[in-house]
């Protein structure tokens, strides 16, 4: 009987201890705020990522290749990404006639980055002047690496200011909290990289944690 009472008191003590720890943890969590700061910037002056391709007869391919090589000297980032050769014929013609050079077609594709719309337009006009059978598609936005790094720093600072404004609103003022943690978040949420790329925008998101009623150091 005595052992039963001892076991009961031990169980009650353990429950009391766990309850006390839980309350203490909740109180500690109540002393913190956590918000997400965001900033978005249009990139109207950014360049373009392009896909330039030739689709036509083999006997003109060398002219297009020579033109593309000259273009690559002006645009060092230009790169050949795909080339294929195929026959332009109807399936029912197989075996009924000999193969001729004019039956072969080729497709050549390049990735090109240009700094502005003026360069983009010049490529279109030049290709049209050569009367090449070509396609030119915009595949995204291009920003030089050094400029991208500068823009990202500016956006992150703006995102942090946005987070501070939220903390001020939630806590009652800048003196009511102290920031104890900043974490950079995936900048492609919630729409994904394609949304920002094709809409020519750059975004920054940061998670900021602050302790309430912190004393000044």
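Could you please let me know if residue 168 is surrounded by fewer than 17 Cβ atoms within 10 Å (Cβ to Cβ) and under 30 Å from residue 212 (Cα atoms)?
yes
Only one of 70, 107, 53 is surrounded by 16 or more Cβ atoms within 10 Å (Cβ to Cβ), more than 30 Å from residue 153 (Cα to Cα) and not assigned by TED's automatic domain parsing to the domain that holds residue 200; which?
The conditions single out 53.
Kindly evaluate residue 155 against the criterion of being surrounded by 12 or more Cβ atoms within 10 Å (Cβ to Cβ), in contact (Cβ under 8 Å) with a residue 12 or more places away in the chain and farther than 17 Å from residue 43 by Cα.
No, not satisfied.
Which residues, counting only those in the range 114-149, are surrounded by 12 or more Cβ atoms within 10 Å (Cβ to Cβ), in a helix (DSSP H, G or I) and within 25 Å of the chain's Cα centre (by Cα)?
117, 119, 120, 147, 148
Within the range 166-198, track down each residue that is assigned to a loop (DSSP other than H, G, I, E, B) and touching a residue at least 24 places away in the same chain (Cβ under 8 Å).
Passing the criteria: only 185.
From the list 43, 87, 1, which residue is within 30 Å of the chain's Cα centre (by Cα) and at pLDDT below 90? Let's see the steps before the verdict.
Values: 87 fails: within 30 Å of the chain's Cα centre (by Cα); 1 fails: within 30 Å of the chain's Cα centre (by Cα).
It is 43.
Got a number for residues in the range 193-217 being at pLDDT below 75 and farther than 23 Å from residue 40 by Cα?
Residues meeting the conditions: 5.
The values are calculated or read from the model by the stated rules, or taken from the named source; none is laboratory data. Just so you know, these numbers come straight off a predicted model, no measurement behind them. Neighbour counts run over all protein chains shown; Cβ positions are idealised from the backbone, glycine included.
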